[in-house]
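The values are calculated or read from the model by the stated rules, or taken from the named source; none is laboratory data. All values derive from a computational prediction rather than experimental measurement. Please note: Cβ atoms are built from the backbone with ideal geometry, for glycine as well, and neighbour counts cover all protein chains shown. Accessible surface is based on the protein model in full, side chains and every heavy atom, while ligands, DNA and RNA are left aside. Shrake-Rupley method; radii C 1.70, N 1.55, O 1.52, S 1.80 Å.
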Amino acid sequence: MSAATMVNAGPKRGWKSLSTWIGAVIVGAAMICAIAAPLLVPHDPFAQDLAKRLQVPFWMAGTDPAHLLGTDQLGRDYLSRLIWGCRISMLIGVTVTVVSGLIGITIGVLGGFFGGRIDDAVLFAITTRLSIPVVLVALAVVGLLGTSMTLLVLTLGLLLWDRFAVVARSTTMQVRNLDFVAAAWCAGCSRFQVLSREVLPNIASHLVVVATLEVALAILLEATLSFLGLGVPPPLPSWGLMIAEAKDYMFFSPWVIVIPGVALFTLVLGINLLGDGLRDLFGARTDT
Amino acid sequence: MLNFLTRRLIVAFLVAATVMTLAFVLTRLSGDLATSIAGANATQADIEAIRKAYGLDRPVLTQFFDWVGRALTGDLGNSYFFQTRVSTLIAERMPVTLTLGVTGLVIALFVSIPLGILAAVREGTSFDRAVQMVALLGQAMPSFWLGLLLMITFGLQLGWLPISGTGSWQNFVMPGVVLAFSAIPALTRLTRAGMIQAMGSDYIRTARAKGLSRASILLKHALRNAAIPVVAIAAVQLGFMLGGSIVIEQVFALHGVGFLAWESIAKNDFPVVQAVVLVLAVIYVALTMVADLMNAVLDPRLRV
């Protein structure tokens, strides 16, 4: 989206690399939380304790030291649910990106490589996809077929391939006409060999940047759908679902929505910072 | 120009037709609609009755062409739940969604164009970096969460604004701000990039050499060229905002088209769902057409 990158591709400034590092630290921490969640959680994130409902977090008076971030409306440990929620966010973010990446890169590379009629069809597919309201259609699919993680991942993956396709198409077009590709043709390489050995490795860095930004987008969308009640099924602790469940208590104890919201915001910001940093590093373009 | 217009129109029509097909397929995904409408406790006879009443006993292709044919004449079918025409329902709810979308866009433009210009003029300064940071923060902000935070702060603790309903203009302030937030990062970055590019070009150097004032160079010469992509994206963003308003309408209990769609999904009222998908897609297609046309008018080089 941002055409700023073209103009911006000057020397890297100190703060940029600092923000990239901040992004990398946030993403690293989130990955550790996601992978080691079962080892890290201080309590069972699903265990309810109705006698200990809505215990306040550590910075407020009357906190219970056993529950650093307090407990939710069913007495479940908030910190444990937060860590488990990170696992779910990362899992969905990465799997959705794999699905959408496969679709988008295939479509985009085909269009950019072959041009002509095929490219017209690819452009048409991208235009059509952009005209479809994502949140609404994802809600409708999940609403009709029922909530499940697999369905959610497939639905979002089928809806979010547009940026991959746009970037894969435009970068393939640039690479297609370079000398080393011509050399490969002359050496008698097949279409498949040229595509897989010459084109793909040369557009890969651009696609990595898109993938990073898409993980962030998928995480935000998952949280949104879960917030609307048609995403991750309860009692799984998705951050969006935690905010939805805590909504009734937010006027009296605002921290119940502040904690998962800050986690979501920080993770998405971290991924975007890392993505921007990688973009500068690779000199990649992600504008559409 | 005429050639350009016809080609755009044909593509727009094809996109609309494809979305129409997809919207129809989408609502048939669940397999047997009659069973899901009837609910868990329905008997076989109930299901049969529903199938007959809604014409679901006909072949799928017949149902499809029937729907397309009626939709072309403006008849989007009847809602199962509200027992009224879908077109009436959507027409009733549309003003709320449009008010929200336009409010959001106006706020976004009022924030992002000045910010983008100032950042471009002071490229590389700490102000520029701050603006870019704000854009990044805005991108990471979950809109539903921002909405709830505003409700707690301005609705409950300060008591400045109403937290739900559509009674007065004050009801649209918080939802408008939240919706604007989603568009501000892209619009700001684009304005900044466009201005930087324009400021570095030859005609600006000429304007400077002529001794024109700084304001005149910035606003008359640079902004006019930088505005082209911004105008295009603004129209497209309005389309995204109308689609994305479903979340904000839900948070603030604004009974617009998004809220209608959300209710209808929960109630298996599929004629409404497929109609809202179609209407939003057609609006988006129309807006991108408008964006292309505005571009062509502003920049004759694009009329190919």
Selection count where residues are in contact with a Ser or Thr (Cβ under 6 Å, 6 or more places away or on another chain) and in contact (Cβ under 8 Å) with a residue 24 or more places away in the chain, scope the stretch A:109-150:
4
Run down A:PHE265, A:PHE252 and say which single residue is out of contact with any strand residue (DSSP E or B) (no Cβ under 9 Å at 6 or more places or on another chain), at the interface with another protein chain (Cβ under 10 Å from one of its Cβ atoms) and not in a helix (DSSP H, G or I).
A:PHE252
Only one residue in B:THR35, B:THR27, B:THR84 is of a type in the set (Ser, Thr, Tyr) and more than 14 Å from chain A (Cβ to nearest Cβ). Which one?
B:THR84
Could you give every pair whose Cβ atoms fall below 9 Å, whose first residue belongs to the stretch A:176-189 and is touching a residue at least 12 places away in the same chain (Cβ under 8 Å) and within 15 Å of A:PHE113 (Cα to Cα), and whose second residue is open to solvent by 100 Å² or more (accessible area, probe 1.4 Å) and basic (Lys, Arg), counting only separations of at least 6 or pairs across chains?
A:ALA184/A:ARG197
Being more than 10 Å from chain A (Cβ to nearest Cβ), at pLDDT below 85 and outside any helix (DSSP H, G or I), is that true of even one residue in the stretch B:270-293?
no
How many of the residues in the stretch B:75-87 are in contact with a Phe, Trp or Tyr (Cβ under 9 Å, 6 or more places away or on another chain) and either among the hydrophobic types (A, V, I, L, M, F, W, C) or open to solvent by 30 Å² or more (accessible area, probe 1.4 Å) (or both)?
3
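Residues B:VAL236, B:VAL230, B:VAL276: which one is surrounded by fewer than 21 Cβ atoms within 10 Å (Cβ to Cβ), within 22 Å of B:GLY104 (Cβ to Cβ) and in contact with a helix residue (DSSP H, G or I) (Cβ under 8 Å, 6 or more places away or on another chain)?
After ruling out the rest, the residue left standing is B:VAL236.
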Going through (1) touching a residue at least 24 places away in the same chain (Cβ under 8 Å); (2) farther than 30 Å from B:LEU56 by Cα; (3) buried (at least 19 other Cβ atoms within 10 Å of the Cβ) one by one, B:HIS221 fails only at (1)
Just name the residue that is farthest from the other protein chains (Cβ to nearest Cβ) out of those in the stretch A:138-153 that are in contact with a helix residue (DSSP H, G or I) (Cβ under 6 Å, 6 or more places away or on another chain) and at pLDDT 85 or above.
A:VAL153
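Which residue out of B:LEU238, B:LEU190 is under 20 Å from the mean Cα position of the chain (by Cα) and under 28 Å from B:LEU148 (Cβ atoms)? Steps first, answer last, please.
Numbers: B:LEU190 fails: under 28 Å from B:LEU148 (Cβ atoms).
Every option except B:LEU238 fails the conditions.
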Hey, A:ALA61 hits all of (1) farther than 28 Å from A:LEU267 by Cβ; (2) at pLDDT below 90; (3) in a helix (DSSP H, G or I) but one; which does it fall short on?
(3)
Filtered residue count, the stretch A:229-240, keeping only those that are buried (at least 24 other Cβ atoms within 10 Å of the Cβ) and touching a Phe, Trp or Tyr at 6+ places or on another chain (Cβ under 7 Å):
2
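Which of the residues belonging to the stretch B:257-269 are within 8 Å of chain A (Cβ to nearest Cβ) and open to solvent by 30 Å² or more (accessible area, probe 1.4 Å)? So that I can check it myself, show each step before the final result.
Restricting attention to the stretch B:257-269, the residues satisfying the condition of being within 8 Å of chain A (Cβ to nearest Cβ) are B:258, B:261-262, B:265-266, B:268.
Passing the criteria: B:TRP262, B:ALA266, B:ASN268.
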Looking at the stretch B:123-135, which of the residues that are of a type outside the set (Gly, Ala, Ser) and surrounded by fewer than 20 Cβ atoms within 10 Å (Cβ to Cβ) is farthest from the chain's Cα centre (by Cα)?
B:THR125
Of the conditions (1) more than 10 Å from chain B (Cβ to nearest Cβ); (2) open to solvent by less than 10 Å² (accessible area, probe 1.4 Å); (3) assigned to a helix (DSSP H, G or I), A:ILE257 clears all except one; give me its number.
(1)
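Considering only residues of the stretch B:194-205 that are open to solvent by less than 80 Å² (accessible area, probe 1.4 Å) and more than 9 Å from every other protein chain (Cβ to nearest Cβ), which is nearest to B:GLY116 (Cα to Cα)?
Among residues in the stretch B:194-205 that are open to solvent by less than 80 Å² (accessible area, probe 1.4 Å) and more than 9 Å from every other protein chain (Cβ to nearest Cβ), the one nearest to B:GLY116 (Cα to Cα) is B:MET195.
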Restricting to the stretch A:27-45, what's the tally of residues that are assigned to a loop (DSSP other than H, G, I, E, B) and farther than 18 Å from A:ALA263 by Cβ?
1
Just one listed residue, out of A:ALA204, A:ALA223, A:ALA216, A:ALA244, is buried (at least 21 other Cβ atoms within 10 Å of the Cβ) and free of Cβ contacts under 8 Å to residues at least 60 places away in the same chain, and it is A:ALA244
Listed by range, helices (runs of 4 or more DSSP H) wholly within the stretch B:60-179 having at least 2 residues that are out of contact with any helix residue (DSSP H, G or I) (no Cβ under 6 Å at 6 or more places or on another chain) and modelled with pLDDT of 85 or more are B:86-121, B:126-140
Exception for B:ARG58 within (1) farther than 26 Å from B:TRP262 by Cβ; (2) surrounded by 14 or more Cβ atoms within 10 Å (Cβ to Cβ); (3) free of Cβ contacts under 8 Å to residues at least 60 places away in the same chain falls at (2)
Just to be sure before I move on: is A:GLY108 at pLDDT 90 or above, out of contact with any Leu (no Cβ under 8 Å at 6 or more places or on another chain), open to solvent by less than 40 Å² (accessible area, probe 1.4 Å) and within 29 Å of A:PRO254 (Cα to Cα) in the structure I sent?
no
Only residues that are in contact with an Asp or Glu (Cβ under 8 Å, 6 or more places away or on another chain) and either among the hydrophobic types (A, V, I, L, M, F, W, C) or crowded, with 22+ Cβ neighbours inside 10 Å (or both): list them for the stretch B:239-256, please.
B:GLY256
Could you check the stretch B:187-269 for helices (runs of 4 or more DSSP H) lying wholly inside it with 1 or more residues that are at pLDDT below 85 and closer than 30 Å to A:LEU228 by Cα?
B:223-251, B:257-266
